[in-house]
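Notes follow once the structure below has been shown.
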Amino acid sequence: MPFGEQPAYLRVAGDLRQKIVDGVLPPHTRLPSQARIREEYGVSDTVALEARKVLMAEGLVEGRSGSGTYVREQPVPRRIARVGFHSAGGCTPFRQEQTDERVRGTWESHSEQEPAGAAIAARLRIPQDAKVMRTRYVFRAEGEPSMLSTSWEPLEVTGRTPVMLPEEGPLAGRGVVERMAAIDVVVDNVVEEVGARPALAQEAMTLGGVPGHGVLVVSRTYFAGGRPVETADVVTLADRYRVTYHLPVK
């Protein structure tokens, strides 16, 4: 294939994509039928079908049973601010991560002990099968699910202390830095890695997305004197959120 030449189905998908972006095909408009695409672009049924599949995989259109394929309404991305820890007079960690301070955040959580799997053990630098406290969160903004998070804390650090359960006790919901400080563990470094992957079915269902569509994953680890004391994965839909970092110049 000569350099720069695209397969026919990608050229058709590209033209339809541009029409969606330009508003020629606005949200909730029915996408041209396979027969219409075939006639308008002079391509085969196979090419027309593959072009529609591309747009569906990109999340630009959605199929409606017995009705056809329609242009999806694209959400306006909101921002998740990553600014590191700061004491904010009773401000919760959820609120600290919201660029829009007007957002009303709530969350649900569930904690339980489990043996650390290989991946989590490596992140926490503990032996595999060592006991950790796993806490799963569903964060809601204005009542709608916005983020999922799973955190793991080594029980050799927090076990038999008042902060063993992150969402119970005197510092419930206060965040890792404050909770660790209460047991004389001083957090002095935080490392985050941002990646992307297809959404798992349960994640998509909880967040109101479509299985297979992209999610952003922020993998975060808190350190105290070089020792990991908590690690977590924060998951959110890639088309609904942007992660913004505020990095101080030193």
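The values are calculated or read from the model by the stated rules, or taken from the named source; none is laboratory data. Please read these numbers as outputs of a predicted model, since none were measured by experiment. So basically every Cβ, Gly included, is an ideal-geometry build from the backbone, and we count neighbours across all protein chains shown. Ligands, DNA and RNA are excluded from the accessible area calculation, which covers all protein heavy atoms including side chains. Shrake-Rupley method; radii C 1.70, N 1.55, O 1.52, S 1.80 Å.
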Q.
Given (1) aliphatic (A, V, I, L, M); (2) closer than 27 Å to residue 237 by Cβ; (3) open to solvent by 30 Å² or more (accessible area, probe 1.4 Å), identify the lone condition not met by residue 20.
A. (3)
Q.
So residue 221 passes all but one of these: (1) open to solvent by 30 Å² or more (accessible area, probe 1.4 Å); (2) under 20 Å from residue 111 (Cβ atoms). Which condition number does it fail?
A. (1)
Q. List, please: which pairs have Cβ atoms under 9 Å, are six or more places apart or on different chains, and start with a residue in region 181-197 that is within 30 Å of residue 239 (Cβ to Cβ) and end with one that is of a type in the set (A, V, I, L, M) and outside any strand (DSSP E or B)?
A. 190/176; 190/177; 196/238
Q.
For region 23-47, give me each residue that is surrounded by 11 or more Cβ atoms within 10 Å (Cβ to Cβ) and either in contact with a strand residue (DSSP E or B) (Cβ under 8 Å, 6 or more places away or on another chain) or at positive phi (or both).
A. 25, 26, 27, 29, 30, 31, 33
Q. Hey, any hits in region 17-35 for a residue that's among the small types (Gly, Ala, Ser), out of contact with any helix residue (DSSP H, G or I) (no Cβ under 9 Å at 6 or more places or on another chain) and more than 20 Å from residue 213 (Cα to Cα)?
A. yes
Q) Being out of contact with any Ser or Thr (no Cβ under 9 Å at 6 or more places or on another chain) and either surrounded by 16 or more Cβ atoms within 10 Å (Cβ to Cβ) or in contact (Cβ under 8 Å) with a residue 40 or more places away in the chain (or both), is that true of even one residue in region 133-143? A) no
Q: Identify the single condition in (1) assigned by the TED database to the domain that holds residue 109; (2) at pLDDT 90 or above that residue 15 does not satisfy, given that it satisfies every other one.
A: (1)
Q: Scan region 106-132 residue by residue and report those that are farther than 20 Å from residue 192 by Cβ and open to solvent by 50 Å² or more (accessible area, probe 1.4 Å).
A: 106, 108, 109, 110, 112, 113, 115, 118, 127, 128, 129, 131
Q: Please enumerate the residues belonging to region 223-237 that are of a type in the set (Gly, Ala, Ser) and in contact with a helix residue (DSSP H, G or I) (Cβ under 7 Å, 6 or more places away or on another chain).
A: 224
**Q.** Residues of region 67-95 satisfying the condition of being loosely packed, with under 15 Cβ neighbours inside 10 Å, modelled with pLDDT of 80 or more and of a type outside the set (S, T, N, Q)
**A.** 68, 73
Q) Does region 229-236 include one or more residues that are at pLDDT 95 or above, open to solvent by 30 Å² or more (accessible area, probe 1.4 Å), on the phi < 0 side of the Ramachandran plot and over 22 Å from the mean Cα position of the chain (by Cα)? A) no
Q. Which residue pairs have Cβ atoms under 7 Å apart, sit 6 or more places apart or on different chains, and have a first residue in region 149-168 that is over 13 Å from residue 110 (Cα atoms) and a second that is of a type in the set (Asp, Glu) and in a strand (DSSP E or B)?
A. 153/230
(Q) Criterion first (in a loop (DSSP other than H, G, I, E, B), over 17 Å from residue 107 (Cα atoms) and among the hydrophobic types (A, V, I, L, M, F, W, C)) does residue 249 satisfy it? (A) yes
